[in-house]
Amino acid sequence: MAMSRSSTNILDRPLGRSGGRAEGSVVSLSAFAYIYSELVQYHQQRAASISELERRLESAGYGVGLKVLEMTAYRAKEVSGRPWTIILLLDAHCSFVPPFSLIRHRRRDPPSRQTKRETRLMSILHFVSSSVWKSLFGKAADSLERSIDHADEYMIIDYEPIASTFVSIPPDLGQLSADAYVSGIVAGVLDGAGFTARVTAHSVKVEEGEYTRQGGNIIPGIPPRKDKAVFLVKFSPEVLTRDAALER
Amino acid sequence: MSSPVLFVIVGRNEPLFEAEIDTAHSSAIDSPGGGGGGGQQSELSTRQNYFVLHSALDLVEKSAWTTNSMYLRVVDKVNQQQVSTFLTAANVKFMLLHGGKGEDVIKNFFNEVYGYYVKLSMNPFYKYDTPITSKAFDARVRAAARAYLS
């Protein structure tokens, strides 16, 4: 079948670029949905509780996160570094946990050709919610918010999470979020970059009028989602200590 | 003047890959696992090389968070020897011990090896932070060293 290319060593193959959606670099949605549902079912049969199932999905995503981190950083070098300005705004609509503040990001400088690591907390979060999200899902995350009460907590929000789109949660698994796999990826990216964090996925009901899909849909022909995926990122204390020290 | 260089990839807890490359000879004198030169003299200097290189790791940890560039330039100098370092996005350390080569030359070498490393890590059977056993990777790193550092 597709064995004709197997004689080429992986080191001789091109890595592809982030902007270009070259043939073969995009997996068809049906193939992904099929294999992801198999993955969820596999773990569901072997897990005794909801939390164990989520943990299994998270650890499946963790290794992917480490790889995605290296790959996205490598590709970003070819296209551009992304410097951002940060504007903090209060968000009146936010209903999740205590008030969160909305962080807008905007491109500032012309693209640079430097290889870059993320060493600051805000820049790694923007890297995850923009670059990583784009390379995985073809779009940036819908918003990135910061907890006002807890300085170590951030939320990444996606109104159309692909992982859970085709997974219907049976009533007896009430609290389960099928996006746990993605939260594992996020944890892998952050941990690899040296920002150890606990990342959990939550399905939260979308309020009336909170979100309207603009322009073209990611997935045509799918009715609007009733819930959004909220990825709660809680950094470990030493990460915040280090970031505070770098501030000076 | 070309002198042997020592290239090591260090993960979180252990070295993942080592290559001692004699850039003076373009042929296959250097075999995997160390330099070809015999005698006690080279044995001794090899050990010293490892010592210098690994003692530079502390300095790398120190400077890792002060810059957001991947290439950290020369982090340590001992006598004639210099240690240059490159950090990948996931903080895997590329360390090169050399006798004073140009900054840009080393940067190009590191960038090429970084490309190979990223491709290698895309292999689903390669787990992050485990020793690299790929023969193809070894061969390409040695070829890159000869191309850039001789």
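Read-outs throughout are calculated quantities, based only on the coordinates presented, and are distinct from any laboratory measurement. Nothing here was measured: the structure is a model prediction, and the numbers come from that model. For neighbour counting, all protein chains shown are included, and Cβ atoms are generated from backbone atoms with ideal geometry for every residue, glycine included.
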Next item on the list: Over the whole of B:81-89, what's the average partner chain Cβ count within 10 Å per residue? Rounded to a whole number, please.
Entry: 4
Margin query: So for each of B:103-114, A:176-187, B:45-56 I average, over its residues, the number of other beta carbons within 10 Å; can you give me the resulting order with the highest mean first?
Written below: A:176-187, B:103-114, B:45-56
Next item on the list: Assuming R0 = 25 Å, can you tell me the calculated FRET efficiency for the pair A:S30 and A:R55, based on Cβ-Cβ distance, to the nearest 0.05?
Entry: 0.35
Check: For labels at A:D172 and A:Q41 in the simple 7 Å Cα→Cβ model, what's the distance in nm?
Finding: 1.7
Check: Do any of A:K139/A:K228; A:K116/A:K228; B:K62/B:K127; A:K67/B:K77; A:K67/B:K101 go past 23 Å between their Cα atoms, and which?
Finding: A:K116/A:K228; B:K62/B:K127; A:K67/B:K77; A:K67/B:K101
